[in-house]
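Scroll down for the structure; my scribbles are underneath it.
The values are calculated or read from the model by the stated rules, or taken from the named source; none is laboratory data. Please read these numbers as outputs of a predicted model, since none were measured by experiment. As a convention, Cβ positions derive from the backbone with ideal geometry for all residues, glycine included, and neighbour counts pool all protein chains shown. SASA here: full protein model, heavy atoms, side chains in, ligands and nucleic acids out. Shrake-Rupley method; radii C 1.70, N 1.55, O 1.52, S 1.80 Å.
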Amino acid sequence: DRVKWIMLWVVFLILTVLRSPPYVTFQDGQWPISGEKVPDLVALTMGFSIREDLDWPGLAAGSLFQRPRANALIVVRGLDSLDFPKNISSYPLENPVPFTLDSVANTVHTLFAGSTPVVLQLAPSEERLYMMGMANTVFEDLPVTLQQIRGRLSQDGSVLTSLPLISLSRNNEADLLFLSEVQVLYDISALLQKHKHLAKDPAPDLYSLELAGLEEIVRRYGTDSPQFADATRILTSTLQKFADDVANVYANNAVVEVVTVKTFEAPLTRKSRSILQISNQGSLYNLAYKYDYDYAVVFNIVLWLMIVLALAVIVISYNLWNMDPGYDSIIYRMTNQKIRLD
């Protein structure tokens, strides 16, 4: 069994929880979870319901009255795991298939349509960007394309001047791609520190980032190279700083997870879609789901309302049946007085 767990740890993805509020409890253990279930896990940590129960003991039941103000998921491609502190919860993930948080973003939009949540989904290496709500205002100056990010690297205060690059070169294409993604993390942290009012909005915020720069470092230099060692060290410290900044902005009411994967089984592509569209890939005829998210809520409201109304009808009927018209009815009382006067 020990050998089996070690093989799972090396071959599959690793989910690491860098930060979580006290009311979101991740249990200590090495319970594997399927990679395609990561969006469901993110939804549960944010207090949302999911279509199918997540049978995974790693996440304990949370508070009914508190939910995180934000969730940030960073996917790092190119290695099996990062050297985070030992006291941080980590879990092996089976089935390394690509996934997105589109379903969670749809839920945020549906439940908080009247508010202005921040939804940011970004993959700098592929220049994929999706923003919703306040993200369009907060991150309007965020460099997104590789050309914009490289322009940002040439400015004052970039990671080229603040980080010890050692073996990494600013003249190499693979190194610049990796450093550009690190720069994006630093810029997002700076923008969040500048807009701390986001934590006061009633709607939860969602951040999803995919980093592939380390994969290019591995492809060019290999895992035994000093460039890979330096890049891993820089990325580990940057992710820890990013997690601290997010937790600080949201007053420790945010969940920050990191998924490390050496390679996905298939390339991740994003098709254009509306935020109101919910894909139903499991149905050949594009049929609607049997139950929606609010089924249990609506069922309980209708059930107990019917029970209350039925009891009210019974009580009213009983009292009317046993009422004495001469004493309990003001109509008969007024009529008797009129007859006597006549």
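Scanning segment 193-201 for residues that are surrounded by 20 or more Cβ atoms within 10 Å (Cβ to Cβ), at pLDDT 80 or above, over 18 Å from residue 74 (Cα atoms) and among the hydrophobic types (A, V, I, L, M, F, W, C) turns up nothing. Among the residues making up segment 211-244, those that are buried (at least 21 other Cβ atoms within 10 Å of the Cβ), over 19 Å from residue 146 (Cβ atoms) and within 22 Å of the chain's Cα centre (by Cα) are 239, 242, 243. Can we say residue 187 is over 30 Å from residue 251 (Cβ atoms) and outside any loop (DSSP other than H, G, I, E, B)? It is false that residue 187 is over 30 Å from residue 251 (Cβ atoms) and outside any loop (DSSP other than H, G, I, E, B).
With respect to residue 215, is the statement that it is at pLDDT 80 or above and touching a Gly at 6+ places or on another chain (Cβ under 6 Å) true?
Yes, satisfied.
Each residue in segment 139-168 was checked for being open to solvent by less than 70 Å² (accessible area, probe 1.4 Å), over 27 Å from the mean Cα position of the chain (by Cα) and among the polar types (S, T, N, Q), and 2 pass.
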